[in-house]
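Right, one structure below, let's go through it.
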Amino acid sequence: MSQNPDDIAFELLPRDLESYRAGNTGIDYVHRFESGRPGPHVLVNALTHGNEFCGMVAATHLLDAGVRPQAGTLTVSFANVQAYESFRRDDPFASRMLVHNLNRIWSPQWLEGTEDSPELQRARALRPVVAAADHILDIHSTAQPVQPFWVYPGFERNAAAALAVGVPEVHLVMPQGLNTGTPLIQHGRHGQATHDGVALVVECGQHFQQASAEMAMEVTLRFLAHFGLVDADPAWAAPRPARRFELLATPVIKTEQMRFVRPLIGMETFAEGELIATDGADEIRSLCEGCTIFMPARAPIPGRELVYLTRPL
């Protein structure tokens, strides 16, 4: 199942981020710009996972180009820089994280618990940054070269914003949130139905493709324009109709013997009851007619998510 690094076209690679360390908030790699005019506080977050370089490209573009909010406040953060700095071309997926998945530990149980790791230290440092934001764009990419897509808890405010931003056109909606941990976009009030702030993940394409960086930059600017921090670009293409999918289940890998029935990259469709994978004695089967899968595991690592099972909305 694992992809040979020799077969990967590395169009995106890390750049030195040391010049961005100091920021202006007292928290490493966090930069905040206030317009002095009324408006929302928007957080653009990159590198939740250390090998997802498209977010780094978008965030450095905002800083290098001197993008400043014409209303409200803009915060730009680089999250897991330690993992990012561990990247090696001969093992390009290992730098996703060092110990913990930084996008599953945003619950009080983890943040206020006794365990320690580079990711927990970083999440604890970033906690006030995430809590202060009215709206959050968390920029990610995928191991496989699939069409970009949104991921968000199934609150109407998130759906409305994703539809208004327009791209990408595929939406993965989590009606009960994510049941394998607490992602950044579900932290605190952003995980509550009564909050009015938007929190979205955008999956921009394969980790190392230039097209993913281009998608990340466009989505970031469209997101900021939607909330009035920058002007919209008249050259942006009109959005196409959305395709929305509802998350049904996310089984977790139990054994190193987990295997898919055939090579999968994501967005394949299965008939109801059709076999998708085996994991030791367990069978993972389609839960409905037209069950569409997202993010099939790249390697059989016990404890990690096996696949996202969805139905079309």
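The values are calculated or read from the model by the stated rules, or taken from the named source; none is laboratory data. Here the structure is a predicted model, which is why all the values come from computation and not from measurement. Using ideal geometry, Cβ is built from the backbone for each residue, glycine included, and neighbour counts are taken over all protein chains shown.
A few notes on this one:
- Beta carbons closer than 9 Å, at least 6 apart along the sequence or on distinct chains, pair a first residue in region 168-186 that is at positive phi and in contact (Cβ under 8 Å) with a residue 12 or more places away in the chain with a second that is among the small types (G, A, S) and part of a loop (DSSP other than H, G, I, E, B) for G177/G154; G181/S107.
- Among the residues listed as I301, I284, the single one being closer than 16 Å to R259 by Cα and without any contact (Cβ under 8 Å) to a residue 40 or more places away in the chain: I284
- Applying the condition of being in contact (Cβ under 8 Å) with a residue 40 or more places away in the chain and of a type in the set (A, V, I, L, M, F, W, C) to region 96-107 and asking which residue is surrounded by the fewest Cβ atoms within 10 Å (Cβ to Cβ) yields L98.
- Qualifying residue in region 203-214 (condition: surrounded by fewer than 18 Cβ atoms within 10 Å (Cβ to Cβ), polar (S, T, N, Q) and touching a residue at least 24 places away in the same chain (Cβ under 8 Å)): yes
- Test: residue in region 201-221 that is assigned to a loop (DSSP other than H, G, I, E, B), of a type in the set (S, T, Y) and either within 20 Å of A164 (Cα to Cα) or modelled with pLDDT of 95 or more (or both): no
- Where T292 falls short, out of the listed (1) buried (at least 18 other Cβ atoms within 10 Å of the Cβ); (2) of a type outside the set (D, E, K, R); (3) assigned to a strand (DSSP E or B); (4) out of contact with any Phe, Trp or Tyr (no Cβ under 8 Å at 6 or more places or on another chain): (4)
- Boolean, A232 is free of Cβ contacts under 8 Å to residues at least 24 places away in the same chain and either more than 17 Å from C54 (Cβ to Cβ) or of a type in the set (A, V, I, L, M, F, W, C) (or both): yes
- Pick from region 42-95, criterion without any contact (Cβ under 8 Å) to a residue 60 or more places away in the chain and hydroxyl-bearing (S, T, Y), ranking: surrounded by the most Cβ atoms within 10 Å (Cβ to Cβ): S77
- The lone exception for A159 - which of (1) in a loop (DSSP other than H, G, I, E, B); (2) out of contact with any Lys or Arg (no Cβ under 7 Å at 6 or more places or on another chain); (3) of a type outside the set (V, I, T) it fails: (1)
- Looking only at region 256-289, and only at residues there that are in contact with a strand residue (DSSP E or B) (Cβ under 8 Å, 6 or more places away or on another chain), in a loop (DSSP other than H, G, I, E, B) and among the acidic types (D, E), the one that is surrounded by the most Cβ atoms within 10 Å (Cβ to Cβ): E268
- Region 182-197, subset at pLDDT below 95 and either over 18 Å from H41 (Cβ atoms) or in the same structural domain as E305 (by TED's automatic domain parsing) (or both), residue surrounded by the fewest Cβ atoms within 10 Å (Cβ to Cβ): T194
- The residue pairs whose first member lies in region 1-19 and is over 17 Å from L47 (Cβ atoms), whose second member is modelled with pLDDT of 85 or more and not in a loop (DSSP other than H, G, I, E, B), and whose beta carbons are closer than 7 Å, counting only pairs six or more residues apart or on different chains, are E11/Q210.
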